[in-house]
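The values are calculated or read from the model by the stated rules, or taken from the named source; none is laboratory data. It should be emphasised that the depicted structure is a prediction, and the values quoted were computed from it without experimental measurement. For neighbour counting, all protein chains shown are included, and Cβ atoms are generated from backbone atoms with ideal geometry for every residue, glycine included. Just so you know, the surface numbers come from the protein's heavy atoms only, side chains and all, with ligands and any DNA or RNA stripped out. Shrake-Rupley method; radii C 1.70, N 1.55, O 1.52, S 1.80 Å.
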Amino acid sequence: MQGEPEQRTKALRESEGPVRATMSGNGKAPGPGGAKRARVEQEPQEGNAAAAQTAGVASTKRMGVGEIARQNPNLRFKAVAHLLTVGALAGAFSRLRRDAAVGVDGVTVEQYQEDLGANLEHLHERMKAGRYRHQPIRRVNIPKEGGKTRPIGVSCTEDKVVQQALRLLLEEIYEQDFLPCSYGFRPGVGAHDAMRALNWMVMNGVGNWILEADIRAYFDSIDRKLLMEMVSRRVEDGRILRLVGKCLHVGVLDGEEYTEPEVGTAQGSVISPLLGNIYLHYVLDEWFEQEVRPRLRGRAQLIRYADDFIIGFERQDDAERVMQVLHQRMERYGLRLHPDKTRLIPFQRPAPGAGGGGSSSTFDFLGFTMYWRRTRRGGWGCGMKTRKARLSRAIQAVRDFCRRSRHWPLEEQHSKLRTRIQGHYNYFGVNGNVNSLAKLQCAAERAWFKWLRRRSQRSRLTWERFKDLLKRYALPQPTIRVQIWVPSL
């Protein structure tokens with residue numbers, strides 16, 4: 001029972017697994033300026049033809065605003081609320097998830113869609129007259145590592161439509177201002193692009209010293225007054241600012257307890273990622289690029305994904321100077337760095353004659369652990385593997401699923417289990433990480449075998465019979481889906 005998975009793991013580790021996906025763009029690693037952002041505009045997939053046509057017109061007008069913002073970096077938009085038309089609201093509605101959780105009013109997306117035209121007309125009329133009011137947010141606590149929870153805010157369907165329309169409009173303006181060091185919740189880029197930039201930084205000597213930072217309860221700590229001042233640097237339209245304010249100043253319903261927090265933006269709402277990016281754009285990105293980096297003696301690079309960020313330095317003295325002032329910079333805007341999770345790590349490339357283990361220094365970023373590994377030519381390269389806590393959590397989630405679904409039909413079990421495993425591969429399937437993927441697959445096979453045997457007290461399912469069953473209901477094989485670095489031949 002144990003032999004075959006171990007042999008398969010060893011074989012996959014030696015071959016690095018098949019490569020199914022190619023790198024984005026021209027296949028080259030991004031330099032410190034980052035890759036050029038691709039603009040992808042999604043059109044509504046549902047609704048009548050008239051709604052789709054008007055949504056398309058609204059999309060074109062939004063893109064025109066983005067072009068004006070790009071050509072005029074210092075322009076402050078005074079009249080853009082007229083772009084929030086019924087068509088813009090229809091386009092925003094089409095982007096909502098159909099299985100999204102419901103807010104305090106209990107209205108689902110499907111129920112809102114039953115009379116979509118009238119609902120959007122009524123919503124637009126209230127927004128235009130200034131009578132729109134954001135309903136309270138329902139708070140849901142999601143379990144995290146270490147027994148902690150993450151508070152997620154769930155808005156009502158109508159409020160999600162307004163937030164989505166606002167996000168699409170403000171995104172067109174601020175996408176022209178955001179710097180290449182920002183990768184989180186932006187069109188055309190994602191976590192794998194941030195990992196490519198990190199790999200480039202380390203391999204080119206910019207990451208000899210890594211400042212790993214963690215902001216405590218970032219979304220709950222944003223100063224709303226400062227945030228509104230930042231938004232008004234580009235948007236002076238009073239109607240837009242009032243709508244943003246209504247999305248911020250809302251009550252929170254946690255079970256039966258109702259509160260009205262004075263700071264923060266609800267994590268999980270549609271517009272929160274964009275507002276969070278705007279806040280850190282001025283607090284961190286611009287400050288580092290315009291004030292900090294020109295004063296350093298060596299090279300340095302910031303890589304930020306939402307509120308997760310690291311800074312690489314070529315020189316130790318530069319890293320220590322920035323470490324000292326970073327706390328003060330954050331506190332000035334109401335943010336605090338976690339004292340135990342914010343640290344300075346030496347991450348120099350090991351000497352050519354160093355032993356097989358190389359440097360013992362590692363650091364975590366976006367669910368991966370970064371370390372030095374031997375390349376096929378005998379040199380040193382930056383390796384990426386799934387963080388231990390994330391891998392353990394994925395394995396435990398698979399075990400729990402197999403236990404809960406053991407009495408389901410085999411076809412349904414297989415479909416759901418396959419989806420879970422493939423989703424993990426799609427994110428963590430980077431080259432050099434096949435060993436971690438194989439551990440998940442082996443754990444999934446053992447868990448499925450264990451709980452299928454417990455479907456009945458008279459089960460005769462042996463490991464040999466289970467292997468025959470896997471030929472029909474095969475689980476996804478560990479596969480490299482994303483190229484982060486070009487492997488040495």
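Structural remarks
- The residues on offer are ALA79, ALA129, ALA118, and the sole one that is free of Cβ contacts under 8 Å to residues at least 24 places away in the same chain, within 19 Å of ILE240 (Cβ to Cβ) and not hydroxyl-bearing (Ser, Thr, Tyr) is ALA129.
- Flag: GLN477 does not match the condition of being outside any helix (DSSP H, G or I), more than 24 Å from the chain's Cα centre (by Cα) and farther than 20 Å from ALA394 by Cβ.
- Complete set of residues in region 60-102 that are touching a strand residue (DSSP E or B) at 6+ places or on another chain (Cβ under 9 Å), buried (at least 18 other Cβ atoms within 10 Å of the Cβ) and part of a helix (DSSP H, G or I): ALA69
- Total residues in region 140-177, condition among the small types (Gly, Ala, Ser) and surrounded by 18 or more Cβ atoms within 10 Å (Cβ to Cβ): 3
- Scanning region 184-193 for residues that are in contact (Cβ under 8 Å) with a residue 12 or more places away in the chain, assigned to a loop (DSSP other than H, G, I, E, B) and open to solvent by 10 Å² or more (accessible area, probe 1.4 Å) returns PHE185, ARG186, PRO187, GLY188, VAL189.
- Lone unmet requirement of (1) buried (at least 22 other Cβ atoms within 10 Å of the Cβ); (2) over 17 Å from the mean Cα position of the chain (by Cα) for ARG196: (2)
- Single match in GLN422, GLN413 (criterion: open to solvent by less than 70 Å² (accessible area, probe 1.4 Å), within 24 Å of GLY190 (Cα to Cα) and at pLDDT 95 or above): GLN422
- Checklist (1) under 20 Å from VAL250 (Cα atoms); (2) outside any loop (DSSP other than H, G, I, E, B) applied to GLY117, failing item: (1)
- LEU440 meets all of the listed conditions (1) open to solvent by less than 70 Å² (accessible area, probe 1.4 Å); (2) closer than 12 Å to PRO478 by Cα; (3) assigned to a helix (DSSP H, G or I); (4) touching a residue at least 60 places away in the same chain (Cβ under 8 Å) but one, namely (4).
- Sole residue being modelled with pLDDT of 95 or more, within 30 Å of GLU236 (Cβ to Cβ) and among the β-branched types (Val, Ile, Thr), chosen from VAL189, VAL161: VAL161
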